[in-house]
1. Within segment 287-308, identify whether any single residue is over 21 Å from Glu394 (Cβ atoms), in contact with a Phe, Trp or Tyr (Cβ under 9 Å, 6 or more places away or on another chain) and part of a loop (DSSP other than H, G, I, E, B), and answer yes or no.
2. Which ones in segment 106-144 are without any contact (Cβ under 8 Å) to a residue 24 or more places away in the chain and of a type in the set (A, V, I, L, M)?
3. Which one of these is in the same structural domain as Ile51 (by TED's automatic domain parsing), hydroxyl-bearing (Ser, Thr, Tyr) and assigned to a strand (DSSP E or B): Ser237, Ser220, Ser136?
4. Within segment 463-476, which residues are farther than 16 Å from Val542 by Cβ and part of a helix (DSSP H, G or I)?
5. Can you pull out every residue in segment 543-556 that is modelled with pLDDT under 95, over 18 Å from Glu523 (Cβ atoms) and in contact with a helix residue (DSSP H, G or I) (Cβ under 7 Å, 6 or more places away or on another chain)?
6. Which of the following residues is more than 29 Å from Lys484 (Cβ to Cβ) and in contact (Cβ under 8 Å) with a residue 24 or more places away in the chain: Asn373, Asn335, Asn320, Asn422?
7. Among the residues of segment 223-234 satisfying the criterion of being in a loop (DSSP other than H, G, I, E, B) and touching a residue at least 12 places away in the same chain (Cβ under 8 Å), which is nearest to Ser16 (Cα to Cα)?
8. Test Leu582 against the criterion of being in contact (Cβ under 8 Å) with a residue 40 or more places away in the chain, in contact with a His (Cβ under 6 Å, 6 or more places away or on another chain) and over 17 Å from Gly472 (Cα atoms), and give yes or no.
Amino acid sequence: MCGIFGYIGSGLEVSSFIDGLSRLEYRGYDSCGIALIKDKKLFLKKQPGRILDLKNLLKDKLPDKYPLGICHTRWATHGRPNRINAHPHCDCKNKIVIVHNGIIENYINLKEELIKKGHRFLSQTDSETIAHLIESFYNDSLEEAVMLAINKLEGSFALAIVSVEDNKLIGVRKNSPLIVGLNKDSKFLASDIPALIPFTKDIIYLKDKELAVLEKDKFSIFDFNGNPVKFNIERISIKLEEAEKEGFEHFMLKEIFQQPKVIDSLISLYVKDNFINFKDLNLSSDFLLRLKNVYITACGTAYHAGYIGKYFLEKYCNLNVQIDISSEFRYRKINFLKDSLVIGISQSGETQDTLSAIRKARDSNIKVLSICNVLGSSLVKETDGLIFTNAGLEIGVASTKAYTAQIICLILFSLYLASIKNTIKDFELKSIISELKQIPKYQSEILENHNKIKNIADKFSKFGCFLFLGRGINYPSALEGALKLKEISYIPAEGYPAGEMKHGPIALIDEYRAVICIAPLDELYEKMVSNIQEIKARKGKVLSIINYSDKEVKSLSDKIIYIPKLKNQDLSPLLVAVILQLFAYYVAKNLKREIDKPRNLAKSVTVE
């Protein structure tokens, strides 16, 4: 959660500080603030609301340059999103200033001890405790005080710290992401790469329990015991335009339209002449031959992608597959079976619940495979193997292209594993791969008809409650469709297996409820028809997603959206996803929601 941006150098305009911070606003937008230091004087501004409000507040200072500063955009955990609780936070003397991403679990005890020593607290946050704790250890060296303080903290934290007395920018990482950006005469800190793109291409991903001491023309990195550590400087290849909307009204819409290109690129990356190859899988053929049990763990949209992967692995690899929401997996007593693999899925690779889940697996000596979109992330570093989703920057808080990229990776892994275990015939493998290569074309056809989906969404946006129904491999599609609508339109929506509707949810159906039915011509089609008839008998308003040749469901539906018919309907979630994303987008737009930054959410969930 939360976005951190920091700079030390010859001088950076206030507008550039704001620009760097703005590129992190998807990480949280309850409040924001900036602390700038020049000539041993502190300039501090913070307030609730969006970064644009802060920019307007600072309009007279935007051209001014400062050699040292930190800023922050907040996703509130402790304390309401008001000006007092906004970051940055200061010590008693307004000399030491910090910004924080994470949660300090022992802050109450620390705060009580500091109050007894005379420290005065202004906010209700856990974060302010850090500034006062550093102050309590300060003796002419910010670096030493920070080192002593962080070893007292329990929980997760990425920190940027400055002082009016020390011309240094200090960054600290424990269980929350933080990146160092390098130029010859300037250094940067940021929570994520987009903030650094306009300023530098050379970065260092801080590892867990590392501290960076940055000065204008030099830097050092230490562990929490003060020992120097080795580091890798990496060159980022992301272009500035990738972090822009490029003519689209919202990042989410841009990312929906990018999906055909992303999938085509992924297939080209991993499939050569009908052979699937993963260069970073790092799982031996012997292990994969023995493999009998798979545990998938993920959160939110990644969980739904994993659910689709479960169907594939069970069907094509004859495996026992369990899937868990990461926040449950990590606390459940799991008796891991022999010859098992855990698959952790995360767009950011910093999802705290998923990281804790895979650490639980590693503690039990279970091999872990990550499916992730960020190569330098904690998830990638802590797992045995990787399937890189290669979706590019995804800035819209509601995930779209990362979701379908995760599905593609899971499908390809399932087919790769099936070929090793000899549970799929060559002609079937080639047929699926051949049709998989057509998915970008079919997605493009759906996107070309986006105005039809918009018109239907405009009519359905009047409903105050939605039920999404699917069967088999499209049950996860129903879950994802409901989640997308909830995330960006704030309309209550539930995803259900259609056969389960009669066991309770049918009580909700009347003429005021909308039901989205996913009904491709697959082996469960006739069952789906029966479910739709049950809805119509109770006056429910039905929007169905069907194949072009379908007549029966068409006659039962109030509105229909077509998808091309596939030889293998197991691939249909890749087409259904685009429709459900567009539908949610246009409903939210019609209701005038803030689509890229829906309330109470953040892109990277780095806290429990």
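The values are calculated or read from the model by the stated rules, or taken from the named source; none is laboratory data. Everything numeric here is computed off the predicted structure, so don't read it as measured data. Reconstructed Cβ throughout: ideal geometry from the backbone, glycine too, with neighbour counts over all protein chains shown.
1. Here is the first cut: in segment 287-308, the residues over 21 Å from Glu394 (Cβ atoms) are 287-295.
Cutting the leftovers down to in contact with a Phe, Trp or Tyr (Cβ under 9 Å, 6 or more places away or on another chain) gives us 288, 293, 295.
After this cut, where a residue has to be part of a loop (DSSP other than H, G, I, E, B) as well, the list is none.
Checked segment 287-308: no residue is over 21 Å from Glu394 (Cβ atoms), in contact with a Phe, Trp or Tyr (Cβ under 9 Å, 6 or more places away or on another chain) and part of a loop (DSSP other than H, G, I, E, B).
2. Selection gives Ile108, Leu114, Ile115, Leu133.
3. Numbers: Ser237 fails: assigned to a strand (DSSP E or B); Ser136 fails: assigned to a strand (DSSP E or B).
Of the residues listed, the single one that is in the same structural domain as Ile51 (by TED's automatic domain parsing), hydroxyl-bearing (Ser, Thr, Tyr) and assigned to a strand (DSSP E or B) is Ser220.
4. Step one: filter segment 463-476 for residues farther than 16 Å from Val542 by Cβ, giving 464, 472-473, 475-476.
If the condition is that a residue be farther than 16 Å from Val542 by Cβ and part of a helix (DSSP H, G or I), then Gly472, Ile473, Tyr475, Pro476 are the ones that fit.
5. Leu556
6. Details: Asn373 fails: more than 29 Å from Lys484 (Cβ to Cβ); Asn335 fails: in contact (Cβ under 8 Å) with a residue 24 or more places away in the chain; Asn422 fails: in contact (Cβ under 8 Å) with a residue 24 or more places away in the chain.
Matching residue, one of Asn373, Asn335, Asn320, Asn422: Asn320.
7. Within segment 223-234, the first condition is being in a loop (DSSP other than H, G, I, E, B), and the residues that meet it are 224-227, 229-233.
Filter once more, so that each one left must be touching a residue at least 12 places away in the same chain (Cβ under 8 Å): 224, 226, 229, 231-233.
Working: Phe224: 31, Gly226: 32, Val229: 31, Phe231: 27, Asn232: 27, Ile233: 24 Å.
Checked segment 223-234; the qualifying residue nearest to Ser16 (Cα to Cα) is Ile233.
8. Values: in contact (Cβ under 8 Å) with a residue 40 or more places away in the chain: yes; in contact with a His (Cβ under 6 Å, 6 or more places away or on another chain): yes; over 17 Å from Gly472 (Cα atoms): yes.
Yes.
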